1. Within the range B:66-74, can one find any residue that is crowded, with 19+ Cβ neighbours inside 10 Å and in contact with a His (Cβ under 6 Å, 6 or more places away or on another chain)?
2. For residues that are of a type in the set (Gly, Ala, Ser) and assigned to a strand (DSSP E or B), scanning just the range B:58-78, find the one that is nearest to A:Leu51 (Cα to Cα).
3. Name, by its number, the condition in (1) without any contact (Cβ under 8 Å) to a residue 24 or more places away in the chain; (2) exposed (fewer than 13 other Cβ atoms within 10 Å of the Cβ) that does not hold for A:Ala13.
4. Given the range A:1-107, what strands (runs of 3 or more DSSP E) lie entirely inside it while holding 3 or more residues that are out of contact with any Cys (no Cβ under 9 Å at 6 or more places or on another chain) and more than 12 Å from chain B (Cβ to nearest Cβ)?
5. Give the number of residues within the range B:79-113 that are surrounded by fewer than 19 Cβ atoms within 10 Å (Cβ to Cβ), more than 8 Å from chain A (Cβ to nearest Cβ) and part of a strand (DSSP E or B).
6. Could you list all residues from the range B:3-21 that are surrounded by 14 or more Cβ atoms within 10 Å (Cβ to Cβ), more than 14 Å from chain A (Cβ to nearest Cβ) and not β-branched (Val, Ile, Thr)?
7. When you look at B:Ser50, is it out of contact with any Gly (no Cβ under 9 Å at 6 or more places or on another chain), closer than 26 Å to A:Tyr34 by Cα and polar (S, T, N, Q), yes or no?
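Throughout, read-outs are computed from the coordinates displayed, never taken from laboratory work. Bear in mind the structure is a predicted one, so any value in this text is a computation, not a measurement. Glycine gets a Cβ as well: all are built from the backbone with ideal geometry, and neighbour counts include every protein chain shown.
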Amino acid sequence: DAKTTQPTSMDCAEGRAANLPCNHSTISGNEYVYWYRQIHSQGPQYIIHGLKNNETNEMASLIITEDRKSSTLILPHATLRDTAVYYCIVRPYSGNTPLVFGKGTRLSVIA
Amino acid sequence: GAVVSQHPSWVICKSGTSVKIECRSLDFQATTMFWYRQFPKQSLMLMATSNEGSKATYEQGVEKDKFLINHASLTLSTLTVTSAHPEDSSFYICSARPPDSGNQPQHFGDGTRLSIL
């Protein structure tokens, strides 16, 4: 079972920041938070991951609360091509445990 | 970056046919690959873990004799849907991570859409 909860859907205006929340209140000390997205009829695309510090890359920023029980994925300037289902997943640092997907958040970017 | 390739991307076949899907890691060796299935408007469900040189590990409810997995090399895993029926129609996705890669992400193929008539 997925260990995260996310809103079912969100809308965002094109050009605005999209902030996608995720609750992972039972996260363990050795678990990372990963974000993926899935555009229709494609495989999931990796976005970003983090342990406890905030992270930023060319795609997005990840803000993790100090208690690590929740996080927010930020797409700074959403475009129509960012319309997708976004998945927040926790996974242990070590070993080869597969990613377990929850239902994700369907983000619709609106012109 | 690491890339996972899947083939074919789309297949349509008659009921009773067996269908083989290939998953390749293009720039790393994968001792373990994962197979997922996704029905319309649902999330990805893990089917099995494919281990190079040994038997696959199947999730509860997944028939091992129905979904044959072969991981004969460090860069190739295959999933064969045997005697496929319309209820097997789904989006099948494979995934892999470089071995001993710690917290590095798992990479996914583009999926295979299987339609059984």
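1. no
2. Within the range B:58-78, the first condition is being of a type in the set (Gly, Ala, Ser), and the residues that meet it are B:61, B:72-73, B:77.
Okay, now just the ones that are also assigned to a strand (DSSP E or B), so B:72-73, B:77.
Numbers: B:Ala72: 34, B:Ser73: 33, B:Ser77: 31 Å.
Out of the qualifying residues, it is B:Ser77.
3. (1)
4. Details: elements: A:9-13, A:18-23, A:31-38, A:45-50, A:61-64, A:70-75, A:84-92.
Correct list: A:9-13, A:61-64.
5. So the answer is 1.
6. If the condition is that a residue be surrounded by 14 or more Cβ atoms within 10 Å (Cβ to Cβ), more than 14 Å from chain A (Cβ to nearest Cβ) and not β-branched (Val, Ile, Thr), then B:Cys13, B:Lys20 are the ones that fit.
7. Details: out of contact with any Gly (no Cβ under 9 Å at 6 or more places or on another chain): yes; closer than 26 Å to A:Tyr34 by Cα: yes; polar (S, T, N, Q): yes.
Criteria met by B:Ser50.
Here's the yes/no breakdown for (1) of a type in the set (Lys, Arg); (2) exposed (fewer than 13 other Cβ atoms within 10 Å of the Cβ); (3) closer than 28 Å to B:Phe91 by Cβ:
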site: A:His24; (1), (2), (3): no, no, yes
site: A:Ser28; (1), (2), (3): no, yes, no
site: A:Tyr36; (1), (2), (3): no, no, yes
site: A:Ile48; (1), (2), (3): no, no, yes
site: A:Ile63; (1), (2), (3): no, no, no
site: A:Leu75; (1), (2), (3): no, no, yes
site: A:Thr97; (1), (2), (3): no, no, yes
site: A:Lys103; (1), (2), (3): yes, no, yes
site: A:Ser108; (1), (2), (3): no, no, yes
